[in-house]
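> Just passing along the structure, written as structure tokens.
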Amino acid sequence: MAKSTKFYVVWQGKKPGIYTSWPECQEQINGVKTALYKSFESKAEAEMAFAGKAEDYIQKKAAVKPITTKSKKNNNAIIWDSISVDAACSGNPGLMEYQGVDTKTKERIFHQGPFLIGTNNIGEFLAIVHALALYKQKGLHNRPIYSDSVTAMGWVKKKKANTKLEQNAKTANLYDLILRAENWLKLNSFTNPIIKWETEDWGEIPADFGRK
């Protein structure tokens, strides 16, 4: 089977552009401390990314901290009897999916996607509402939901997904889900706490797709 070609976008480097091999990409970023680059599976994704902003596609790395004897926040602060949610997006916008898992065991409880065009925030928003609806259906009114997306949590609070994703034939199915989620929030009350997952202290959220 022929090896699939990856496309490398260099936003900042010796010569910004799209390259089809790692050595070509490496030549543009070697020795450039401020280099910004990322690989994509398709030429279309790479072209969309290159036309956009690097920060929309590259997750900022936390600053390296000196080693100290101070331990991380006690994991006892985590309420394990809960659902953790996360979304994954290849490009932003791009191919998107979301899931909810048991926080303790990481067993998948639900999964939706992939959707042809979506964003991380939309995925996180839909995942939270999906978890809320599931809890209500099962009569579990006080069990928490963990998310690492402050934006999605804000959308749920306002009962509105404040996305600028273009509505077209490719996003029609996704927008149908968004509308259903918004309507659910308007028609239903809930008491389940939606809690911010403290990634810096606890590590990646259990629902993480592991694609960083």
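> Taking the conditions exactly as written (modelled with pLDDT of 95 or more, of a type in the set (Val, Ile, Thr) and assigned to a helix (DSSP H, G or I)), does residue 128 satisfy them or not?
yes
> Among residues belonging to the stretch 136-165 that are free of Cβ contacts under 8 Å to residues at least 60 places away in the same chain, open to solvent by 70 Å² or more (accessible area, probe 1.4 Å) and assigned to a loop (DSSP other than H, G, I, E, B), point out the one that is nearest to residue 103 (Cα to Cα).
Applying the filter and picking the extreme gives 142.
> Within the stretch 90-102, can one find any residue that is within 14 Å of residue 197 (Cβ to Cβ), in a strand (DSSP E or B) and either open to solvent by less than 10 Å² (accessible area, probe 1.4 Å) or of a type in the set (Gly, Ala, Ser) (or both)?
Taking every residue of the stretch 90-102 in turn, at least one turns out to be within 14 Å of residue 197 (Cβ to Cβ), in a strand (DSSP E or B) and either open to solvent by less than 10 Å² (accessible area, probe 1.4 Å) or of a type in the set (Gly, Ala, Ser) (or both).
> Does residue 109 fit the bill of being assigned to a strand (DSSP E or B), in contact with a Gly (Cβ under 8 Å, 6 or more places away or on another chain) and modelled with pLDDT of 90 or more?
Working: assigned to a strand (DSSP E or B): yes; in contact with a Gly (Cβ under 8 Å, 6 or more places away or on another chain): yes; modelled with pLDDT of 90 or more: yes.
Yes; evaluated as a whole, the condition is true for this residue.
> Moving to a separate point now. Are any residues in the stretch 25-40 open to solvent by 80 Å² or more (accessible area, probe 1.4 Å), among the polar types (S, T, N, Q) and touching a strand residue (DSSP E or B) at 6+ places or on another chain (Cβ under 9 Å), and if so, which ones?
Within the stretch 25-40, just 34 meets the criteria.
> Determine whether the stretch 148-167 contains at least one residue that is more than 22 Å from residue 77 (Cα to Cα), at pLDDT 95 or above and of a type in the set (Asp, Glu).
no
> Only one of these is of a type outside the set (S, T, N, Q), without any contact (Cβ under 8 Å) to a residue 60 or more places away in the chain and in a loop (DSSP other than H, G, I, E, B): 169, 133, 181. Name it.
169
> Same structure, new question: For residues that are of a type in the set (D, E, K, R) and in contact (Cβ under 8 Å) with a residue 60 or more places away in the chain, scanning just the stretch 184-204, find the one that is most open to solvent (accessible area, probe 1.4 Å).
200
> Consider the stretch 172-199. How many of its residues are over 21 Å from residue 120 (Cβ atoms) and not hydrophobic (A, V, I, L, M, F, W, C)?
Number satisfying all stated conditions: 7.
The values are calculated or read from the model by the stated rules, or taken from the named source; none is laboratory data. Everything numeric in this text was worked out from a predicted model, so none of it was measured. Please note: Cβ atoms are built from the backbone with ideal geometry, for glycine as well, and neighbour counts cover all protein chains shown. In case anyone asks, the SASA skips ligands and DNA or RNA and just uses the protein heavy atoms, side chains included. Shrake-Rupley method; radii C 1.70, N 1.55, O 1.52, S 1.80 Å.
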